[in-house]
Amino acid sequence: MKAYKSLSREELESLQQELLKAYEDAKAKGLNLDMSRGKPSISQLDMVMDILDVLNSGSEVKSENGMDCRNYGLFDGIPEVKRLMAQSVGVKEEHVIVCGNSSLNLMYDAVSRSVTHGVCGGTPWCKLDKVKFLCPVPGYDRHFAVTEHFGIEMINIPMTIQGPDMDLVEKYVNEDASVKGIWCVPKYSNPQGISYSDETVRRFAGLKPAAEDFRIYWDNAYAIHHLYEDKQDEILDIISECEKAGNPDMVYEFFSTSKVSFAGGGIAGLASSPRNLDDIRKSMVIQTIGFDKVNQLRHVRYYKDLDGLKAQMRKHADIVRPKFEAVLAVLERELGGLEIGSWIRPRGGYFISFDAMEGCAKEIVAKCKDAGVVMTGAGATFPYGKDPRDSNIRIAPSFPTPEEMEAATDLFVLCVKLVSVNKLLETM
């Protein structure tokens with residue numbers, strides 16, 4: 001196909017009229033589709049329903065160390081679920097605590113605790129003149145919402161195909177003591193699906209922070225969320241790499257089963273150094289008498305071990321993969337060669353990241369909504385909701401059916417074409 005930028009004004013105006021008619025026809029179809037959030041589909045949730053049958057009123061509810069899971073105690077997790085969660089993200093069991101159902105909750109708590117009480121005896125952030133966080137972009141909107149909620153200044157760090165721009169990360173972290181953290185989704189990143197290279201992970205581990213209380217917020221949300229059996233990304237264990245580099249306390253790693261079992265009904269945990277975990281436990285023991293150990297037991301009895309967990313993830317992949325492929329097929333068929341958008345083909349995770357021509361993302365999303373397809377708001381993948389290029393759009397294929405995703409993507413590419421033509425005509 002011919003690149004739009006090479007078309008004459010007359011050709012663009014003729015194309016504009018064709019696209020306007022097609023858009024009005026699409027609006028008349030009365031679509032009502034939502035690909036705004038990375039939610040598991042109903043079929044994925046149905047697939048896990050038998051987890052509810054693992055425990056009943058006649059079940060033995062003691063953990064392997066004899067703890068009665070119905071009662072108080074072991075507020076940082078039963079041993080068998082610690083082992084399973086450690087194996088799922090490739091860390092040592094002694095580095096893990098298992099808490100409630102939400103890793104986002106644990107991230108919020110980590111920032112809140114740092115603001116009010118400091119990190120491992122350091123000055124509480126609320127007593128400092130300035131606190132900054134680095135934010136790889138495009139990134140996860142809920143990460144940015146947490147730091148914005150606490151009034152923390154956020155600094156954009158561009159993503160590369162290897163991970164965040166480490167030259168910039170090193171400059172900020174090593175030279176500015178007000179930089180206290182960085183948000184990271186190191187495997188199948190949200191939204192681009194990029195996995196950090198070995199070099200990137202090692203450069204993270206080798207940081208020399210100006211601030212003693214600097215921490216890497218390593219949200220390993222998609223550690224086992226592969227789309228393909230034969231094409232899977234793997235990343236280094238950041239905790240082990242930090243230990244090797246002499247920075248054992250520099251990372252908090254977060255994980256959960258929210259898209260493995262039930263969204264909001266899974267289990268979540270974090271991994272870190274003994275010193276960090278001791279610091280976290282001091283607050284946690286005041287915050288709660290204990291999390292839901294019955295749910296922890298239910299999960300470990302259901303999945304049994306890492307092989308069982310991987311087998312379940314293959315079933316999830318069989319449901320999710322056709323939706324990703326439906327979106328990518330439409331993008332490649334309809335936009336390939338037009339030079340009005342780019343995207344990455346992810347091997348895992350829950351999103352496809354699309355970059356439109358500069359200045360077009362908000363209008364594309366608005367036109368999609370007007371025609372019955374709701375997408376993540378343009379700008380959501382940047383701090384403060386401000387994409388400086390107004391270019392990035394996050395596509396969430398997981399919830400609709402493959403047929404619905406194809407219909408939604410057909411409309412999406414139509415909107416991309418129309419808005420791009422309008423933009424090119426404006427600049428002529």
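The values are calculated or read from the model by the stated rules, or taken from the named source; none is laboratory data. A quick note: this is a predicted structure, and the numbers were derived from the prediction, not measured. Every residue, glycine among them, receives a Cβ derived from its backbone with ideal geometry; neighbour counts consider all protein chains shown. Accessible surface areas use protein heavy atoms only, side chains included; no ligands, DNA or RNA. Shrake-Rupley method; radii C 1.70, N 1.55, O 1.52, S 1.80 Å.
If you filter the range 100-131 down to residues that are among the small types (Gly, Ala, Ser) and not in a helix (DSSP H, G or I), you find that the one that is nearest to Val300 (Cα to Cα) is Gly100.
Within the range 90-99, can one find any residue that is surrounded by fewer than 17 Cβ atoms within 10 Å (Cβ to Cβ) and either assigned to a helix (DSSP H, G or I) or free of Cβ contacts under 8 Å to residues at least 40 places away in the same chain (or both)? Yes; the residues of the range 90-99 include at least one that is surrounded by fewer than 17 Cβ atoms within 10 Å (Cβ to Cβ) and either assigned to a helix (DSSP H, G or I) or free of Cβ contacts under 8 Å to residues at least 40 places away in the same chain (or both). Where strands (runs of 3 or more DSSP E) fall wholly inside the range 286-397, the ranges with 1 or more residues that are among the β-branched types (Val, Ile, Thr) and either touching a Phe, Trp or Tyr at 6+ places or on another chain (Cβ under 7 Å) or surrounded by fewer than 17 Cβ atoms within 10 Å (Cβ to Cβ) (or both) are 352-356, 373-375, 392-395.
Just to be sure before I move on: is Tyr108 surrounded by fewer than 21 Cβ atoms within 10 Å (Cβ to Cβ), within 22 Å of Asp213 (Cα to Cα) and touching a residue at least 24 places away in the same chain (Cβ under 8 Å) in the structure I sent? Yes: the conditions hold for Tyr108.
For the condition free of Cβ contacts under 8 Å to residues at least 60 places away in the same chain and out of contact with any helix residue (DSSP H, G or I) (no Cβ under 9 Å at 6 or more places or on another chain), Glu64 does not qualify. Has the range 150-163 got at least one residue that is open to solvent by less than 20 Å² (accessible area, probe 1.4 Å), more than 21 Å from Ile224 (Cβ to Cβ) and touching a Ser or Thr at 6+ places or on another chain (Cβ under 7 Å)? Yes: one or more hits.
When the range 29-66 is limited to residues that are of a type in the set (A, V, I, L, M) and open to solvent by 40 Å² or more (accessible area, probe 1.4 Å), the one that is nearest to Ala366 (Cα to Cα) turns out to be Leu31. When the range 237-256 is filtered for residues that are open to solvent by less than 10 Å² (accessible area, probe 1.4 Å) and of a type in the set (Ser, Thr, Tyr), only Tyr252 remains.
If you go through the range 173-230 and keep only what is out of contact with any Ser or Thr (no Cβ under 7 Å at 6 or more places or on another chain), in a loop (DSSP other than H, G, I, E, B) and either without any contact (Cβ under 8 Å) to a residue 12 or more places away in the chain or of a type in the set (Lys, Arg) (or both), you end up with Lys208, Asp230. Ala263 - would you say it is at pLDDT below 95 and open to solvent by 10 Å² or more (accessible area, probe 1.4 Å)? Criteria met by Ala263. Of all residues in the range 184-222, those being more than 17 Å from Val91 (Cβ to Cβ) and surrounded by fewer than 22 Cβ atoms within 10 Å (Cβ to Cβ) number 11. Could you tell me whether Val421 is surrounded by 21 or more Cβ atoms within 10 Å (Cβ to Cβ), modelled with pLDDT of 95 or more, in contact with a strand residue (DSSP E or B) (Cβ under 7 Å, 6 or more places away or on another chain) and in a helix (DSSP H, G or I)? Judged against the criteria, Val421 is not a match.
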